[in-house]
Amino acid sequence: MIEYDSAVRRSPLFSELGELLRYRDLLYLMTLANIKRRYKRSTLGIIWTLLGPLLTMTVLTIAFSNLFRFSLINYPIYLLSGLIFWNLFTQTTQDAMNSMIWGGDLLRRIYIPRTVFPLTAIISGLINLFLNLIPLAIIMLIFKHAFRPALFFIPFAILLVAMFALGIGLILSTMAVFFLDVIYLYQVFISAWFYLTPIIYPRDIFPARYVWYMNLNPLYNLLEIFRAPIYLGLIPGTNTILAATSWALVSLLIGFWVFTKKADEFAYRI
Amino acid sequence: MKVDKVNPLIEFDNVSVRYRLPHEKIASLKEYAIRRLKKSINYIDFWALREINFKVYQGELVGIIGSNGAGKSTLLKVISRVLRPTLGSIRVRGLVAPLLELGAGFDYELTGRENIYLNGTILGFKVKDISKRFDRIVDFAGIKDFIDSPLRTYSTGMITRLGFAIATDIKPDILVLDEIFAVGDEEFQKKSIKRIERFKSKGTTILLVSHNLNQVKSMCEKVVWLEGGITRAVGPSKEVIEKYQRTKR
């Protein structure tokens, strides 16, 4: 028999994991609904996902290739891998916030594990990412860019990026429940973040003495472990891997902790 | 059917629920930061429930009455785990089936079929179990011909019926009804009342929130009267309703 006793409180972090396991079918169906919603209404849905980054890439390549022509060979691949990374991060964190507001109606009416919403956003983002890798592979073929064994490192890199994005998504969703303007502030924030991260420009554009400061930007090392195997055909250095892993773990732990600690208040606030 | 009259299914132990509202609504982080610096955040505490104590046993049909804002919906939310009590504690044993308000837990872009699964898992069921009950749900809701059409093409009545059919397909231990009888056509109302009565005869505990005092009097043996978040009376329905009507006159 199912028992609920509001006085018994295990650590919110662990009880949430147990509840997620119990509601795993819901997680699956919500993700499915999310994907369907994205692609159903327009037959061009999937094609848009493939074309979107390609179009951005073309525009930016035309705009910047003269600028960086001498320092970066196969600039389109450098750029496209960076954009795909960026899309994964921003889409999932923004989706996590929005789904929390969208799901607010439900949270006021029935109990479900609240982490379902941000998790749905992450899983949908990952599916989107795999679709995005198709045009990247095509571009690599066109430019006769070598597919090196280092590519086997990519799943691990994606895992770290997803962990980091989930952590940030959890923190942002918690804040968005209490303050709606977080959604807009974040939009401003990420457009600045975009230019602070070497996505469209080469990493060595900054003078050497400032390079250390780049480590303070979590996306700097996370981008590197994703892009190095694709663009350079190399597994990134140990320091880069360590830095990226630490950021991913810290973000996820803090995010999960903050979110589950505040989750009981959500129904009061939304 | 052996009915357990010793261990309560629902046990309110000094439950209080507080909504903490900022004096003026602070909806933005910017505003919050400024106020925080100026130390000018004042809260108004609004106690939606105060020290609620009562027990509900297996097979009881309990009506909850009181004027608007008395705390009836909050009480149901505490039972269905949506709100955790600010003070005190609540114990609930068994499967709770909440009947959601119209359209909650549905996705209007998805088909009826997809929505049965989505809504079912929101209620905490497994996909595997929903598959087994699928035909019966469709049949009870009477939406067979529309099952693969998107929900946005459904009428209000159809969505209400579907929601009821999913939530009540298997016998719950506790059924929570919040003014559902206002909707649905007469034939469906009869069908749903029959189903509720069958559950009751098999030992399901039912909580009914309603403004319709005659309905409460005829259906429930026990009534909880809430006023301003306080239990004014708990007892046999006839007695409590008479007391309630005397104060309203």
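Here are some notes:
- Mean projection of the Cα convex hull over all viewing directions, computed for region B:100-167: 3.7 nm².
- Backbone geometry of region A:181-194 corresponds, through the Karplus equation with coefficients 6.51, -1.76 and 1.60 at θ = phi - 60°, to 3J(HN,Hα) couplings of 6, 4, 4, 6, 4, 5, 4, 5, 4, 6, 6, 5, 4, 4 Hz, x marking Gly and Pro.
- Listed by chain and number, the aspartates and glutamates placed with their C-alpha closer than 17 angstrom to that of B:K126 are A:E19, A:D25, B:E114, B:D135, B:D169; residues fewer than eight positions away on the same chain are left out.
- Sorted largest first, the principal axis extents computed over the alpha-carbon atoms of chain A equal 66, 47, 37 Å.
- Entry note, chain B: relative contact order of 27 percent, from Cα contacts under 8 Å with a spacing of 6+ residues.
- If both residues of a DSSP beta bridge must be in the protein assembly as shown, then about 60% of such bridges are antiparallel.
- Max mean-square fluctuation residue, GNM over chain B, Cα-Cα springs under 10 Å, options B:S201, B:S192, B:S28: B:S28
- Phi angles of region A:19-32 translate, via the Karplus equation with coefficients 6.51, -1.76, 1.60 and θ = phi - 60°, into HN-Hα couplings of 5, 4, 5, 5, 9, 5, 5, 5, 4, 4, 5, 5, 5, 4 Hz per residue; Gly and Pro are given as x.
- With 30 Å as the limit on Cα-Cα distance, the pairs of B:K132/B:K191; B:K132/B:K202; B:K38/B:K77; A:K36/B:K30; B:K72/B:K191; B:K144/B:K202 that go past it are B:K38/B:K77; A:K36/B:K30.
- Electrostatic tally near A:Y111: other residues with Cβ closer than 13 Å to its Cβ, Lys and Arg +1, Asp and Glu -1, net +4.
- Computed over chain B with a Gaussian network model linking Cα atoms closer than 10 Å, the most mobile of B:T168, B:T204, B:T86 is B:T86.
- Calculated log₁₀ intensity ratio I(q)/I(0) where the Debye formula runs over C-alpha points of region B:26-136, q = 0.10, 0.12 Å⁻¹: -0.54, -0.72
- With a 10 Å cut-off around each Cβ of A:4-17, the average count of Cβ atoms from other chains is 3.
- Local charge for B:G88 was computed over the other residues whose Cβ lies under 10 Å away, with Lys and Arg +1 and Asp and Glu -1, and equals -1.
- Cross-link partners for B:K243 among the lysines, with Cα-Cα distance under 17 Å and sequence neighbours closer than 8 places in the same chain left out: B:K217, B:K222.
- Per residue, the average separation of C-alpha pairs within less than 8 Å and at least 6 apart gives region B:100-167 a relative contact order of 45 percent.
- More than 39 Å apart - percent of Cα-Cα pairs taken over the protein assembly as shown: 37
- Chain A, relative contact order in percent, only Cα pairs under 8 angstrom and at least six apart counted: 28
- Cα centroid separation, region B:112-156 to region B:64-102 (Å): 26
Values quoted throughout were computed directly from the atomic coordinates according to the rules given, and no laboratory measurement underlies them. These numbers were taken from a predicted model, which means no experiment stands behind them. We place every Cβ from the backbone using ideal geometry, glycine too, and count neighbours over all the protein chains shown.
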